[in-house]
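Before any comments, here is the structure.
The values are calculated or read from the model by the stated rules, or taken from the named source; none is laboratory data. Predicted model, so just to flag it, every value in this text is computed and none were measured. All Cβ positions, even for glycine, are placed from backbone atoms using ideal geometry, and neighbour counts span all protein chains on display. When the accessible area is computed, the model is the full protein with side chains, heavy atoms only, and any ligands, DNA or RNA have been set aside. Shrake-Rupley method; radii C 1.70, N 1.55, O 1.52, S 1.80 Å.
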Amino acid sequence: MTSPDPTRSPAPAAPVGGAGVIETTGIEIIAESERTARPRDLIWPWFAANVSVFGMSYGSYLLGFGISFVQATVVAILGIIISFLLCGLVAIAGKRGSAPTMVLSRAAFGVHGQKVPGIVSWLTSIGWETSLAISAVLATATVFDVLGVGSGQAVTVIAAILIAALIVTASVLGYHTIMRLQSILTWATGAMTILFMILTIPHIDWAGVASMPSGPPQAMIGALVMVMTGFGLGWINIAADWSRYQRRSASDASIVAWNTIGGAAAPVVLVIVGLLLAGSDPELAGAIEGDPIGALISILPLWALVPFWIVAVLTLVSGAVLGIYSSGLTLISLGIRIPRPAAAAVDGVILTVGTIWVAFFATSFIGPFQSFLITLGVPIAAWAGILIADVLTRRADYDERALFDPRGRYGSIDGISIVTMVVASVLGWGLVVNSFTEAAPWNNWQGYLLEPLGLSTYVDDPAGAYWDGNWAYSNIGVLLALVLGFAVTWFARRGRIRRQERDA
């Protein structure tokens, strides 16, 4: 152990959080007395947030890559399970450090360096929760219109405000309330979702699904990337937020297992059912692009619309609650000095404005959504690779004081991690393309490495520019960023991590 420096002021003690009706704990270390959760408790937030029938719409998205039902099924199973397994690995950090994900990430990036991935994480969470809220609003407007209860802008505005209020209220109340709500929603929405899947069986054309032609391997990679970013990688930046109340004695394997089971179980089934429906009805597959939930409503009997709407809204709200709760924590970790409930409220205002704007002015939902996923998915994948390698390399719990002290063992800025994330992101963006140039023209700058590497050719056709070549739409840049972030950290920072642990 190194001797203390008498000229240096002592490091501050790590702030310790406490419990209450409204959780006031922000990014502080969770008190030992509050670490009472068990690994199996992780199934509640992850299952409830991912049992949403929105997952069925991914059947249409996957088949849009030009692959067969069998190929899409393999891609869905692998992509969903692997992506939530990665979330489980990040969740180990929450158990070891009892702090939010973006605070624990300071061990890899430095106390101030962490603000770089922190900003990307905040934008990702805001985008995800807004997307879920938009889906809930569109579903509400569609159901009300079909039932003749009401239609038009007034219904959309009222739905947006009420749904946003529900999300923000639960988020402001905090962890303990959310965990109780999610445990109830898991059983209620899970049972109703099974019923709705049964009701869709008559719409499945088994022969049509089986006759779908296969696509090239590159298309499967593109579909795999979309599944991973749409499910586990979309949540990975908040994974440790829900494991920070775990006992220190909980096994790492249990944390990973329950996180993976809770997140992956429902989406695997939902996406496969969605593949069957989309493969049976091309018209339904096309309608999903404009209004995913509304399109699925169209194939249900009239009596099922209200219960379907309730379940759809609750499951979408459930996911949005997780996002806005964590985005509030991330906002505080960036240096915004406000209480956690206030941070959740601030993000709630942003969510409400974003939801109303997209519901009224966006011409297509899936276009901007997928562009958003891939664009932010690249730096998030790079960050995830870095953090996972950091977690797997460490043999001891985190130094809780050093997570809040730029003079501590983790330092102010970790140059290796920052450079790795930037380089991996730049390379990754060069190997992904914007498939929705009209719906999301702000993303047309990507794919700049495809032609130099001979992977694809940009065709400036008067009828509409496009990329010629299968690799263009594989979006392999996301996987490159993930693997590169992991590999560089695994080898380049191993010595630094060992020195940090020796100096404990």
_Only four residue types carry charge here, +1 at the Cβ of Lys and Arg and -1 at the Cβ of Asp and Glu. Report the dipole size of the stretch 377-435 about the Cα centre in Debye, rounded to the nearest 20._
80
*Give me the distance in nm between label points sitting 7 Å out from Cα along the Cα-to-Cβ direction at residue 283 and residue 468, one decimal.*
3.6
*Looking at 30, 260, 113, which one has the Cα that reaches farthest to the positive end of the dipole of the chain (charges on Cβ: Lys, Arg +1; Asp, Glu -1)?*
30
*In Hz, Karplus ³J(HN,Hα) per residue of the stretch 264-273 (6.51, -1.76, 1.60; θ = phi - 60°; x = Gly, Pro)*: 8, 4, 5, x, 4, 5, 4, 5, 5, 4
*How do 106, 498 stack up against each other in accessible area, from largest to smallest, with a 1.4 angstrom probe?*
498, 106
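Let me check I've understood the local charge: for residue 418, count other residues with C-beta under 13 angstrom from its C-beta, Lys and Arg +1, Asp and Glu -1. What total comes out? Display every interim value, and only then the final one.
Details: positive: 106, 115, 493; negative: 414.
With Lys, Arg at +1 and Asp, Glu at -1, the net is +2.
Computed FRET efficiency, Cβ-Cβ of residue 77 and residue 412, R0 56 Å: what is it to the nearest 0.05? Mind dumping the intermediate values first?
Numbers: r = 43 Å, r/R0 = 0.76.
Result of the calculation: an efficiency of 0.85.
What whole-number value in Å² describes the accessible area per residue of the stretch 461-504 for a 1.4 Å probe?
Details: 2350 Å² over 44 residues.
I get 53 Å² per residue for this part.
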*Protein accessible area in the stretch 169-214, 1.4 Å probe - carbon and sulfur %*: 76
*asked:* Going by average Cβ density within 10 Å per residue, which order do the peptides 126-139, 200-213 take, highest to lowest?
replied: 126-139, 200-213
*With every protein chain left in place, what is the accessible area of residue 310 in Å² (1.4 Å probe, nearest 10)?*
80
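Order 347, 460, 397, most accessible first, counting only protein heavy atoms with a 1.4 angstrom probe.
460, 397, 347
What does the charge dipole of the chain about its Cα centre add up to, to the nearest 20 debye, if the Cβ of each Lys and Arg holds +1 and the Cβ of each Asp and Glu holds -1? List each step's numbers first, then the result.
Working: 25 positive and 29 negative charges, 430 e Å.
So the magnitude is around 2060 debye.
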*asked:* Below 8 Å between Cα atoms, with a sequence gap of 6+, how large is the relative contact order for the chain in percent?
replied: 29
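Under a 1.4 angstrom probe, counting protein chains only, how are 29, 356, 184 ranked by accessible area, largest first? List each step's numbers first, then the result.
Details: 29 5, 356 50, 184 110 Å².
So, going from the largest accessible area down, we get 184, 356, 29.
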*With a 1.4 Å probe and every protein chain left in place, work out the accessible area per residue of the stretch 131-274 in Å², rounded to a whole number.*
38
*So how exposed is residue 483, as accessible area in Å² (1.4 Å probe, rounded to 10)?*
90
*Using alpha-carbon pairs under 8 Å, 6+ residues apart, how would you state the relative contact order of the stretch 419-504 in percent?*
34
*Might you work out the accessible area of residue 467 for me, using a 1.4 Å probe with all protein chains in place, and round it to the nearest 10 Å²?*
40
*Average accessible area per residue (Å²) across the stretch 45-127 - probe 1.4 Å, nucleic acids and ligands excluded*: 20
*asked:* Tell me the net charge near residue 186. Cut-off is 14 Å between Cβ atoms, residue 186 excluded, with +1 for each Lys or Arg and -1 for each Asp or Glu.
replied: +1
*Chain lengthening between residue 451 and residue 253 when straightened (0.36 nm per residue, less Cα-Cα)*: 67.0 nm
*Could you let me know the centre-to-centre spacing of the stretch 395-432 and the stretch 57-125, using Cα atoms, in angstrom?*
17
